[in-house]
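Engineer: Structure provided below as structure tokens; questions to follow.
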Amino acid sequence: MELQNTVKEALNALYHHPDDAVRMQADRWLQEFQRTIDAWQVQRDFEELPSEAFRPLRDSLNSLLTAFHKGPPKVRTQISLAVAALAVHVPAKDWGDGGIVNWLRDEMNSHPECIPSFLELLRVLPEEAFNYKIAARPDRRRQFEKELASLMEVALDILRACLNISELTEQVLEAFASWLRLRHRIPSSTLASHPLVLTALSSLSSDILLEASVNVISELIHYTAARNSGGVVAHMPLIQVIVPQVMSLKSQLRDSSKDEEDVKAIARLFADMGDSYLELIANGSDESMVIVHALLEVASHPEYDIASMTFNFWHNLQIYLIERDSYVSFGNEASIEAERNRRLLVSFRVQYPQDYADLSREDLKDFKKTRYDVADVLIDAALVLGGEATLKILYMKLVEPGGSSGNGEHSNWRSAEAALYCIRAISDYVSVTEAEVMPQVMYLLPKLPHQPQLLTTVCLTIGAYSKWLDAAPTGLSFLPSLIDILVSGMNVSEDTAAAAALAFRHICNDCGKKLCGSLDGLFHIYQRAMIGEGTFKVSAEDSLHLVEALSVVITELPSDHAKKALEVLCLPAVTPLQEVINQGPLVLGQTTARELTVHIDRLANIFRYVNHPEAVADAVQRLWPIFKAIFDIRAWDMRTMESLCRACKNAVRTSKRFMGLTIGAMLEEIQALYKQHHQSCFLYLSSEVIKIFGSDPSCADYLKILIESLFSHTICLLKTIQDFTSRPDIADDCFLLASRCIRYCPDLEASNSILTFLSDIFDISNSSQGEKYTSIRDNVIIPRGPTITRILVASLTGALPSSRLETVIYAVLSLTRAYRSRALEWTQDSVSLIPSTAATEAERLRFLRALSEVVSRGDVNALTISIEELSEVCRRNRTVQEIVQGALRPLELNLVNGVVV
């Protein structure tokens, strides 16, 4: 009791005391307390409980379960979860009494008044078999599932007996649904006439029992479709019992008196049947079409949460039909057309509501999600029906009465916007040769009112069909009026401007050759947007779309014209930068990064998308004094340096060897600045230069000096593990540079620190050029192999986040393939350091055996699984993780003569 009071006081201080020092002291005490034997109950690791304490704990929990048999249901549930968690850890032979299910049956017979509590325990048992929050070892969890499956008949007998107590029917059905999730192979003929199944089916008409019944029937549907249980044909006796009962509920989907949650439950059954019996439905039999009609009824329900339950079915049906190269047969042409139209009725769901302007942020988010989901359904329809057929239906929605309106008429814009949104959604599935509907759509667009939401969708639709505009014989005739729409969009609002800029980019990307003759007009639009002239509302981010658009058009020009056009393109970005520089170093140093990067980023995009290497190289040479001034004065500013290095990187990628006149000055600049300011982007830019110039013998001497300089300074920054943690950007770009050196200029390798980039080092012998450097690699790696392996094993078992597991696994594979039996020895020595309290001998052996399989047979899958399981075991709680990491942590890394040892 005294200890309990101390814990309560510490918790109270942690959460409520006004003094920070007291709260920190309480936090430290509680962390230490959690490591003591007295606190085992707050740990997630059952193994911290003394073995002799199991039986008293089980009996104590059972006493609570019986004591609260008339208590609050939530309390009973929590006690049941505790007992179930205990059962997950304890094998049936150690539990005694034939395992927990037989023990539970005996307890129910001995204490019939407590049956509601025991029923709750019976319900949660199968659920806890799949609860990975319980820190059971993988082997034990699998064994527990097998134990439960072997006792399925005992559990069902208990539930069948409980059906005699009418007030427990709902509990019995919920428990039955839970046990069905084990997917035990009970013959369908047995289930078809089983009292529990018959009770669930008959209870579908009960408002009180509907949800529990639906849960049972849903599990039965999934069970009949499970591949490992014989498939649909083997379960036909059960299916023939279930389907008619479910189909009898179809009329309730439209029953306005029905509770919405009940309608959702019924709709879920139809969706489950669609998902489970997909192959039967795809065959087009009359029997299966009954299910399709029910699913169409659900899909057209006015409540989105209900209708969306079918979206997954339509998507999977589309995939199955496309792969099988066949279509669902609906009978005659009239019924086919009717079904097509019914499927596309979902278009009304994307229409803007009347109160759109007043919607909350969450409602806006839900509305956008609805539109995305409907777009996915329309894509599925287009894949099956064909893009042109789908387009025709949607076009009729656009031009039907109320679907579109002339200029100045805003009342009907919502239906037009909804139809256009749907037409845009299927753009990838409409052929560029379509000549019936798309010309009419393009003719109609300029006639629509410039209402902001409608104009946004009009702009996006223009962009979506840019490839059609390029391919269509009449495409060129539409372009002037469509570009006028985009210019209007840039003037209305930020949203319409964003859509217009994106569409402008698509138009120029796909219709660049057609637009070369209109370059003066395009430049006029571009310059107005760049300087924010008049009412243009294009943001700095969206202006990059315009930069890319004009860059692509310039790429279509002949070389002599491209150089002049490139100067004009750069001018709106160069002028403001030059103006700042002209005001002197003090002003340049005090200018905000944003005022510089907005223009530098535009230049970066120009260098990236103008595919005229010589013209770009000339432009960079002319602009180098501006770049150098910014480098010299702003080298301390990470944001500006990243932007400027990105521009230089794009120029190097585009110009390649034509950059020869400027590249030397650029590299001298960043080499000198890196010594002072240690910006990681300097390393990244250098790695790009290595990639392009590394194999050029004429650059060898200079690049060697560059590499040695950069790495000698990087080594000084990364002396300890803590340095890697505090400067991950430097470490990341350093390893990238090392990798590029190994791949593109291995002859220049002067610093052994490069070899610490593990995966590339281990794999170097796999490349044609790298094989001759294997001996150098081995001289570095073999003496350090045990330490490297120990670090890798530590990374797998908790030193790195589990999200990095895949990367570390590849490093382990590379090491094993490179050093085979030697790597096995290193790994065995490292794994043996893991205490048996964290990982058992069997668990460690399974990992080592899988690693050995990689060496002998190249079996990678088994290794991945065994690593994931070992990782899970060693990360199951903080205490275990700390024990493992403490055992595996190597001696502090030191640097001797520039080499990690």
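The values are calculated or read from the model by the stated rules, or taken from the named source; none is laboratory data. In this text the structure is predicted, and so the values were computed from the model without any measurement. As a convention, Cβ positions derive from the backbone with ideal geometry for all residues, glycine included, and neighbour counts pool all protein chains shown. Please note that ligands, DNA and RNA were not included when accessible areas were found on the heavy atoms of the full protein model with its side chains. Shrake-Rupley method; radii C 1.70, N 1.55, O 1.52, S 1.80 Å.
Engineer: Just a yes or no: is a residue in region 558-574 at pLDDT below 90, of a type in the set (A, V, I, L, M) and either open to solvent by 40 Å² or more (accessible area, probe 1.4 Å) or part of a helix (DSSP H, G or I) (or both)?
Structural biologist: There is no residue in region 558-574 that is at pLDDT below 90, of a type in the set (A, V, I, L, M) and either open to solvent by 40 Å² or more (accessible area, probe 1.4 Å) or part of a helix (DSSP H, G or I) (or both).
Engineer: Any idea which residue in region 282-305 is least open to solvent (accessible area, probe 1.4 Å), counting only those that are at pLDDT below 80 and either closer than 15 Å to I239 by Cβ or within 29 Å of the chain's Cα centre (by Cα) (or both)?
Structural biologist: By that ranking, first place goes to S288.
Engineer: Tell me which residues, restricted to region 68-83, are more than 20 Å from S178 (Cβ to Cβ) and surrounded by 13 or more Cβ atoms within 10 Å (Cβ to Cβ).
Structural biologist: F68, G71
Engineer: Within region 575-609, can you find the residues that are among the aliphatic types (A, V, I, L, M) and open to solvent by 40 Å² or more (accessible area, probe 1.4 Å)?
Structural biologist: Step one: of region 575-609, the residues among the aliphatic types (A, V, I, L, M) are 577, 580-581, 586-588, 593, 596, 598, 600, 603-604, 606.
L586, V587 - these are the residues of region 575-609 that are among the aliphatic types (A, V, I, L, M) and open to solvent by 40 Å² or more (accessible area, probe 1.4 Å).
Engineer: Of all residues in region 84-126, which are free of Cβ contacts under 8 Å to residues at least 12 places away in the same chain and open to solvent by 40 Å² or more (accessible area, probe 1.4 Å)?
Structural biologist: Correct list: K93, D97, G98, D106, N109, S110, P112.
Engineer: Within region 477-497, track down each residue that is under 34 Å from the mean Cα position of the chain (by Cα) and surrounded by fewer than 21 Cβ atoms within 10 Å (Cβ to Cβ).
Structural biologist: We begin by selecting, within region 477-497, every residue under 34 Å from the mean Cα position of the chain (by Cα); these are 486, 489-490, 493-497.
Scanning region 477-497 gives S493, E494, D495.
Engineer: Name every residue in region 438-452 that is in a helix (DSSP H, G or I) and either free of Cβ contacts under 8 Å to residues at least 40 places away in the same chain or touching a Phe, Trp or Tyr at 6+ places or on another chain (Cβ under 6 Å) (or both), in order of residue number. Outline the logic, then answer.
Structural biologist: Going through region 438-452, the residues in a helix (DSSP H, G or I) turn out to be 438-447, 452.
Within region 438-452, M438, P439, M442, Y443, P446 meet the criteria.
Engineer: Sticking with this structure for a sec: Given the options F658, F735, F711, F693, name the one that is in contact with a Pro (Cβ under 7 Å, 6 or more places away or on another chain) and surrounded by 17 or more Cβ atoms within 10 Å (Cβ to Cβ). Lay out the reasoning, then the answer.
Structural biologist: Numbers: F735 fails: in contact with a Pro (Cβ under 7 Å, 6 or more places away or on another chain); F711 fails: in contact with a Pro (Cβ under 7 Å, 6 or more places away or on another chain); F693 fails: in contact with a Pro (Cβ under 7 Å, 6 or more places away or on another chain).
Going through F658, F735, F711, F693 in turn, the sole match is F658.
Engineer: So, in region 792-807, exactly how many residues are out of contact with any Asp or Glu (no Cβ under 9 Å at 6 or more places or on another chain) and surrounded by fewer than 22 Cβ atoms within 10 Å (Cβ to Cβ)?
Structural biologist: Number satisfying all stated conditions: 8.
Engineer: What are the residue pairs meeting all of these: first residue in region 819-844, first residue part of a loop (DSSP other than H, G, I, E, B), second residue of a type outside the set (A, V, I, L, M, F, W, C), Cβ atoms under 8 Å, and 6 or more apart or on different chains?
Structural biologist: Pairs that qualify, where the first residue is part of a loop (DSSP other than H, G, I, E, B) and the partner is of a type outside the set (A, V, I, L, M, F, W, C), are S832/R844; L833/R790; I834/T797; I834/R844; T837/E47; T840/R137.
Engineer: Also: So which of T474, T433 ends up being surrounded by fewer than 18 Cβ atoms within 10 Å (Cβ to Cβ), over 23 Å from A498 (Cβ atoms), among the hydroxyl-bearing types (S, T, Y) and modelled with pLDDT of 90 or more?
Structural biologist: Working: T474 fails: modelled with pLDDT of 90 or more.
Within the list T474, T433, the selection yields T433.
Engineer: Please identify the pairs in which a residue from region 499-512 that is within 18 Å of F536 (Cβ to Cβ) has its Cβ atom under 6 Å from the Cβ atom of a residue that is open to solvent by 10 Å² or more (accessible area, probe 1.4 Å) and outside any helix (DSSP H, G or I), counting only partners at least 6 apart or on another chain.
Structural biologist: A501/V538
Engineer: When you check P439 against the structure, is it at pLDDT below 90 and either out of contact with any helix residue (DSSP H, G or I) (no Cβ under 6 Å at 6 or more places or on another chain) or at positive phi (or both), yes or no? I'd like the intermediate steps shown before the answer.
Structural biologist: Numbers: at pLDDT below 90: no; either out of contact with any helix residue (DSSP H, G or I) (no Cβ under 6 Å at 6 or more places or on another chain) or at positive phi (or both): yes.
No; evaluated as a whole, the condition is false for this residue.
Engineer: Considering only region 591-700, give the helices (runs of 4 or more DSSP H) lying wholly within it that have at least 3 residues that are more than 33 Å from the chain's Cα centre (by Cα) and either modelled with pLDDT under 95 or among the charged types (D, E, K, R) (or both). Reasoning before the result, please.
Structural biologist: Values: elements: 593-609, 613-634, 638-655, 660-677, 680-693.
Because the criterion is at least 3 residues that are more than 33 Å from the chain's Cα centre (by Cα) and either modelled with pLDDT under 95 or among the charged types (D, E, K, R) (or both), the helices (runs of 4 or more DSSP H) in region 591-700 that meet it are 613-634, 660-677.
Engineer: Take the residues in region 414-430 that are out of contact with any Gly (no Cβ under 8 Å at 6 or more places or on another chain) and open to solvent by less than 30 Å² (accessible area, probe 1.4 Å); name whichever of them is farthest from P353 (Cα to Cα).
Structural biologist: That would be S427.
Engineer: Let me ask something else. Could you list, in sequence order, the residues of region 860-899 that are modelled with pLDDT under 75 and open to solvent by 50 Å² or more (accessible area, probe 1.4 Å)?
Structural biologist: Once the filter is applied, which keeps residues that are modelled with pLDDT under 75 and open to solvent by 50 Å² or more (accessible area, probe 1.4 Å), region 860-899 yields L891, E892, N894, L895, V896, N897.
Engineer: Which condition number in (1) within 20 Å of H235 (Cβ to Cβ); (2) not in a helix (DSSP H, G or I) is the one that K133 fails?
Structural biologist: (1)
Engineer: Quick check, is L644 open to solvent by less than 70 Å² (accessible area, probe 1.4 Å), in contact (Cβ under 8 Å) with a residue 12 or more places away in the chain and closer than 14 Å to L685 by Cα? Even if it seems obvious, please write down each step before you answer.
Structural biologist: Working: open to solvent by less than 70 Å² (accessible area, probe 1.4 Å): yes; in contact (Cβ under 8 Å) with a residue 12 or more places away in the chain: yes; closer than 14 Å to L685 by Cα: yes.
For L644, the condition - open to solvent by less than 70 Å² (accessible area, probe 1.4 Å), in contact (Cβ under 8 Å) with a residue 12 or more places away in the chain and closer than 14 Å to L685 by Cα - is met.
Engineer: May I pose another question? Name the residue that is modelled with the highest pLDDT, counting only residues in region 529-557 that are farther than 16 Å from S493 by Cβ, in a loop (DSSP other than H, G, I, E, B) and open to solvent by 40 Å² or more (accessible area, probe 1.4 Å).
Structural biologist: E556
Engineer: I would also like to ask the following. How many residues does region 847-875 hold that are part of a helix (DSSP H, G or I), within 31 Å of the chain's Cα centre (by Cα) and farther than 17 Å from Y810 by Cβ?
Structural biologist: Looking only at region 847-875, we keep the residues that are part of a helix (DSSP H, G or I), and these are 847-857, 860-874.
This time we only want the ones that are within 31 Å of the chain's Cα centre (by Cα), so: 847, 850-851, 854, 860-874.
In the following step, the residues that additionally are farther than 17 Å from Y810 by Cβ were identified as 869, 872-874.
Summing the residues that are part of a helix (DSSP H, G or I), within 31 Å of the chain's Cα centre (by Cα) and farther than 17 Å from Y810 by Cβ in region 847-875 gives 4.
Engineer: Which one of these does T310 not meet: (1) open to solvent by 70 Å² or more (accessible area, probe 1.4 Å); (2) among the β-branched types (V, I, T); (3) modelled with pLDDT of 80 or more?
Structural biologist: (1)
Engineer: Say we look at region 239-260 and pick out the residues that are among the basic types (K, R) and at pLDDT below 85; which of these is farthest from S202 (Cα to Cα)? Even if it seems obvious, please write down each step before you answer.
Structural biologist: Just the residues of region 239-260 that are among the basic types (K, R), to begin with: 250, 254, 258.
So of that shortlist, the ones also at pLDDT below 85 come out as 254, 258.
Details: R254: 21, K258: 18 Å.
Step by step, filter region 239-260, then rank; the result is R254.
Engineer: Looking at N164 and the list (1) open to solvent by 20 Å² or more (accessible area, probe 1.4 Å); (2) more than 19 Å from R183 (Cα to Cα); (3) part of a helix (DSSP H, G or I), which single condition is not satisfied?
Structural biologist: N164 satisfies every listed condition except (3).
Engineer: Condition test on D732, is it within 28 Å of the chain's Cα centre (by Cα) and modelled with pLDDT of 80 or more? So that I can check it myself, show each step before the final result.
Structural biologist: Numbers: within 28 Å of the chain's Cα centre (by Cα): yes; modelled with pLDDT of 80 or more: yes.
It is true that D732 is within 28 Å of the chain's Cα centre (by Cα) and modelled with pLDDT of 80 or more.
Engineer: Only residues in region 877-898 that are more than 30 Å from C716 (Cα to Cα) count as the first member; pair them with residues that are modelled with pLDDT of 75 or more and open to solvent by 30 Å² or more (accessible area, probe 1.4 Å), Cβ under 6 angstrom, at least 6 apart or cross-chain, and list the lot.
Structural biologist: Qualifying pairs under 6 Å: Q881/R875; I883/P835.
Engineer: Let me ask you something else. Can L148 be described as assigned to a helix (DSSP H, G or I), over 40 Å from the mean Cα position of the chain (by Cα) and within 17 Å of P126 (Cα to Cα)?
Structural biologist: Numbers: assigned to a helix (DSSP H, G or I): yes; over 40 Å from the mean Cα position of the chain (by Cα): no; within 17 Å of P126 (Cα to Cα): yes.
Here the answer is no, as L148 does not meet what is asked.
Engineer: Under 7 Å between Cβ atoms, which residue pairs at least 6 apart in sequence (or on different chains) link something in region 648-675 that is within 11 Å of I692 (Cα to Cα) with a partner that is of a type in the set (K, R) and at pLDDT 90 or above?
Structural biologist: Close Cβ pairs satisfying both conditions: T654/R608.
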